[in-house]
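Let me begin by presenting the structure, written as structure tokens, before commenting on it.
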Amino acid sequence: MIDLTMLNPPQREAVLAGEGPLLVLAGAGSGKTRVLTHRVARLIDDGVAPWSILAITFTNKAAREMKDRIRTLVGDQADDVWVSTFHACCARILRRDIEKLGYQRGFSIYDDDDQMGLVKAIVKDMNLNDRMYPPREIKTIISDAKNRLLLPGEWEKEAGGNFRSKKIAEAYRRYEKALKASTALDFDDLIMKTMELLTEHAPALDYYRRKFEYILVDEYQDTNLAQYELVRLLAGDKKNVCVVGDDDQSIYAWRGADIRNILEFEKDFPGCRVIKLEQNYRSTGNILDAANQVIAHNAGRKEKALWTEAGAGERIRVYRAQDEREEAAWVCQQMNQWKAQGGAPGDAAVLYRANAQSRVLEEALVRAGLPYRVYGGMKFYERKEVKDLIAYLRALVNPADDMAVRRIINEPRRGIGDTTVDKLAEYAAAEGSSLFMAAMSASEAGLTGRALSAVEKFSALMEELTVDAETMPADGFLRHVIEATGYEEQFKKVQNEENESRLENIAELETAVKEYVAREPEGGLEGFLENVALVTDLDGMDASTQALTLMTLHSAKGLEFDLVVMTGMEEGVFPTSRALFDDEKMEEERRLCYVGITRARKRLLMSWAQTRALYGSRQYNTRSRFLDEVPRRLVEDANIARRPQTRLSSPQAASGFDGMRRPATRESAGPEPVKVAAGAKGLDIPGVAKGFGIPGVRKGAQAFAQDRPAQLFKRGDRVRHSRFGEGTVLLLYDGDKRMTIRFDDGTEKTFAAELAPVVRVEEGT
């Protein structure tokens, strides 16, 4: 029997709930993964066959973690439970039955670059102006249509059937035809084709309905229409569906997520049992109080309020900067304080609404000598050398994959130019064959001279590798491809930092294949390629980083840090200007703010700038309404001279507030969230600050103007200039905007502190 003593009463209730639909409303940090894993283990304990349980998560990382935790509870029986993302689950179903839809089992899965390349080619073939018909827009429209299970004709009808929509619908039709000709699916097809399979082939639907007796879905608030319909279809009449989610964290509408899926679950599954997880195990009382007060301003939500048995902790510190550079300098100052108090940089994160906001922050961190990493940069499988080698493997597994063949036919360079490739493509189209087969028949395609010779050598190489792929293990075969193609040699010939990095990435790809083979000995090349294709940008960051993390608020979902700094808290920045006159978008922006607040475990800082240069122009902003929705009792004005900070080991000491401890009765739960209608910013709500910190709004605001801005440097700092070398800061003046440095050679020079190519260095480095 599994041990349930570590679960709180609502968690235990969710784990032990019996047959039928179950909705678990799990607030941030409330232990939802523990509930899901223990529920799976309890089902197995009660005699349910592990292979009849389907548990769906949204990231591969979450799926791996869930499988590991189930294994800890039930041992090797966990291996038979289907724990995967929606897309991995559907890929597995399609590998078994896609032939019923006229596809081969060895289909390729196109990534974003492949899709864009195909759409661009279609726009060109249709002689469309790519300014009037941007390929990126068409790709997004196709993706959105598939997420709503719309075929080209259905989308065209919904779009109004005007001239432009007819052209886009035609591009969608050509896109689908090209995918099928290449025996390829895109990411959205994995779910759409599975729906097609299950709705058009009754035996397949019957098989999976009988197989999956119990279905569990994590992050249900993030499901789109196609995912929602898939769950309903598989559940059938048994309706043994347990969904776990938090409507307050639904922030992916722009990706097709529909918050109505969780808000209307009880209507979709009559007789549904609802359990709320409100005890938070992550954050301090003040942080949770702030989160509750902000999100209470949303009308479209399920009522709940987070609480904790931990202490109140520090109050939330809000800083008003003159501009984005002063804001960045203040962030650096706070990071240095954090380190001085014993905090680790890897336990801290700076969050912002848009990627463009990171530039000034990065510049300031470099000058301050603070290590950082930007989460959401180029991912491993997006790097050119990795994509090239993956394309070789794809073309060898699926010769009909024209996008893969086009990528590698002249990589490394072998004298096959675009004109030659276009000739081969024309021949392939005329013959109804693939680009690979056209290359095999290069002379018949009309090639002569050097072009013919180059293509014939490529064809002979690929023919030889195709034979080798049948007999060699996946990890050894990749090394064989690297050597046979001469791919690695091109980077060894010229020694520089970029090529060294490319060689390291190639070695890392080999490691990835070896790890996959060790984990899935029967998977082979096809399995590895599918595994790669299903890696998404939702997969989490490496938790072992020792550097400060910079990331967008969207990227931060699912993560947590001891210290969180939310920057750019201004109207028009966050909330974004697109939401200012749209209630639904404003509610999603507020949910995004709630997500940001609840990432913090011990300390939460917020900052806003009166003026900000962003997207090529300077804006003059008022502070975000979200700051005004945090009660004043929870806020410390960071512009006023700060009191000495306590050590991190005692967060309760920073505030006189008692925290949000669990009460004896629900009625005595402490401060209840303010309940107001959406868009009620102008209401006079007790406990909500009005104009706090805005010059001209309250008495004493002018005093802020005399506050010294946050410093990038201070007297005595050791610094390094890109041209003059190392030295010591001698003087700071003009409001710390200018500084004099005495360099180690004895010379003294004066610079603008914000603009000089100067960074702070630690002693001994």
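The values are calculated or read from the model by the stated rules, or taken from the named source; none is laboratory data. Just so it is clear, the structure is predicted and the values come from calculations on it, not from any experiment. Methodologically, a virtual Cβ is constructed for each residue, glycine included, from the backbone with ideal geometry; neighbour enumeration extends over all protein chains shown. Calculation scope for accessible area: heavy atoms of the full protein, side chains included, ligands and nucleic acids excluded. Shrake-Rupley method; radii C 1.70, N 1.55, O 1.52, S 1.80 Å.
Brief remarks on what is shown
Yes or no, residue by residue, for (1) in contact with a His (Cβ under 7 Å, 6 or more places away or on another chain); (2) more than 23 Å from residue 449 (Cβ to Cβ); (3) not in a loop (DSSP other than H, G, I, E, B):
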position	(1), (2), (3)
389	no, yes, yes
396	no, yes, yes
399	no, yes, no
403	no, yes, yes
407	no, yes, yes
415	no, no, no
423	no, no, yes
426	no, no, yes
436	no, no, yes
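- If the condition is being over 19 Å from the mean Cα position of the chain (by Cα) and either open to solvent by less than 30 Å² (accessible area, probe 1.4 Å) or of a type in the set (Val, Ile, Thr) (or both), then segment 234-256 contributes 234, 235, 236, 240, 241, 242, 243, 244.
- Residues that are open to solvent by less than 20 Å² (accessible area, probe 1.4 Å), among the charged types (D, E, K, R), part of a helix (DSSP H, G or I) and touching a helix residue (DSSP H, G or I) at 6+ places or on another chain (Cβ under 6 Å) are absent from segment 59-78 altogether.
- Flag if residue 477 is over 15 Å from residue 388 (Cβ atoms), surrounded by 12 or more Cβ atoms within 10 Å (Cβ to Cβ) and in contact with a helix residue (DSSP H, G or I) (Cβ under 7 Å, 6 or more places away or on another chain): yes
- Of the residues making up segment 415-455, those that are under 24 Å from residue 488 (Cβ atoms) and buried (at least 16 other Cβ atoms within 10 Å of the Cβ) number 6.
- Filter pass, residue 115 being closer than 30 Å to residue 425 by Cβ, open to solvent by 80 Å² or more (accessible area, probe 1.4 Å) and in contact (Cβ under 8 Å) with a residue 60 or more places away in the chain: no
Rundown of residues vs (1) closer than 23 Å to residue 255 by Cα; (2) assigned to a loop (DSSP other than H, G, I, E, B); (3) touching a Ser or Thr at 6+ places or on another chain (Cβ under 6 Å), yes/no style:
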| residue | (1), (2), (3) |
| --- | --- |
| 90 | yes, no, yes |
| 96 | no, no, no |
| 113 | yes, no, no |
| 143 | yes, no, no |
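- Of the candidates 556, 533, the single residue that is more than 28 Å from residue 96 (Cβ to Cβ), small (Gly, Ala, Ser), open to solvent by less than 30 Å² (accessible area, probe 1.4 Å) and modelled with pLDDT of 85 or more is 556.
- Which listed residue is more than 27 Å from the chain's Cα centre (by Cα) and surrounded by fewer than 23 Cβ atoms within 10 Å (Cβ to Cβ), from 300, 342: 342
- In the condition set (1) within 28 Å of residue 562 (Cβ to Cβ); (2) modelled with pLDDT under 95; (3) basic (Lys, Arg); (4) not in a loop (DSSP other than H, G, I, E, B), residue 304 is compliant with all but (4).
- Segment 22-38, subset without any contact (Cβ under 8 Å) to a residue 60 or more places away in the chain and open to solvent by 10 Å² or more (accessible area, probe 1.4 Å), residue nearest to residue 54 (Cα to Cα): 38
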